[in-house]
Amino acid sequence: MRCRIIGDGEPNATPFGRAQRTGVEHARRLQAVAATVRMGIDAPIVGAFGRTTLVEVEPVGVEYLVRTARVTDIDRLVALSDGALRDAAGKSPIAAADLLRQLVYLPQASIFVAEAQRVVVGGAVLALRPSVRAGGFIGAVDLLVVDPEYDIDRVTAALLEEVVRSASNKGCTIVEAASSDDPAETARWEALGFTPAGPRIQRSVAAAGSAARRNP
C-alpha cells in the first residue's frame, strides 16, 4: 500500500497525569489504523504527541520478480501444481519433486519461479530436446503453474517472457507447450505469440547467434 498525507487534524488534549492511560489509548489507535490500512480505506494516523493526520491509502500494483529456481523452491512449486505433476502412471508428488530437484542442476532444463514480496507465486519448467526438423533445439514448457490468488495473466506473461529468452539463448528455434481445453488459458497463450500446431501450441524464436537474430 502507499500512503499520501493530505492534511493535519487538531491536537488532542492529554493531561500529564494520565500518561500511562494515554499510552494504552495510543496503542489502540495504532491498531485501528493498521486495520483500516489493510482494508484500503482512509485512516487517521495518530502521532507521538497526540496529533492526528488524515491519510489517503491507495493500492499499488504488485511487482513480480522472475528468477532461476533454487532447490529450496521445489516444494512450493509442487504444492502450486495441485496435482498437475501426476502422470497416467500415478506418479506421486514426492517423486516429481525429486525429479525437479535434479533438473535444477541439469543443462537440459531450466526452472523459473515468479516471486511477489519474497513469496513464490508461480513457476515454469523448460525442457530442451534437439530437433532436425526444427533446425536446432525445441524448448518444451513442461510445466507452468500460477497461484490463483495472484494476477494469473501478469505472472504467466512474466514467466513465459523469461522462458522464451532462455530458450533463445540455449539455441532453440521453437518453444512449445501442450494445448489446453480452457478457452481463457488458450487466449492467454495466444496473446503471448503462441499458435496452434496440432495437439500443441508453439511460438517460433530466433536462436542466439542466428542470422535472424543478427539481421532482424
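Coordinate-derived values only; no laboratory data. In this text the structure is predicted, and so the values were computed from the model without any measurement. Glycine also receives a Cβ, built like all others from the backbone with ideal geometry; neighbour counts cover every protein chain displayed.
Details
- Model label points for residue 63 and residue 118, set 7 angstrom from Cα along the Cα-to-Cβ axis, are 1.5 nm apart.
- Mean sequence separation of contacting Cα pairs (under 8 Å, at least six apart), scaled by the length of the stretch 65-214, corresponds to a relative contact order of 18 percent.
- Two-site label geometry, residue 165 and residue 186: point separation in nm, points 7 Å out along Cα→Cβ: 3.0 nm
- What the phi angles of the stretch 94-103 give under the Karplus curve with 6.51, -1.76 and 1.60, with θ = phi - 60°, is a coupling list of 5, 5, 5, 5, 4, 5, 4, 5, 5, 5 Hz, glycine and proline written as x.
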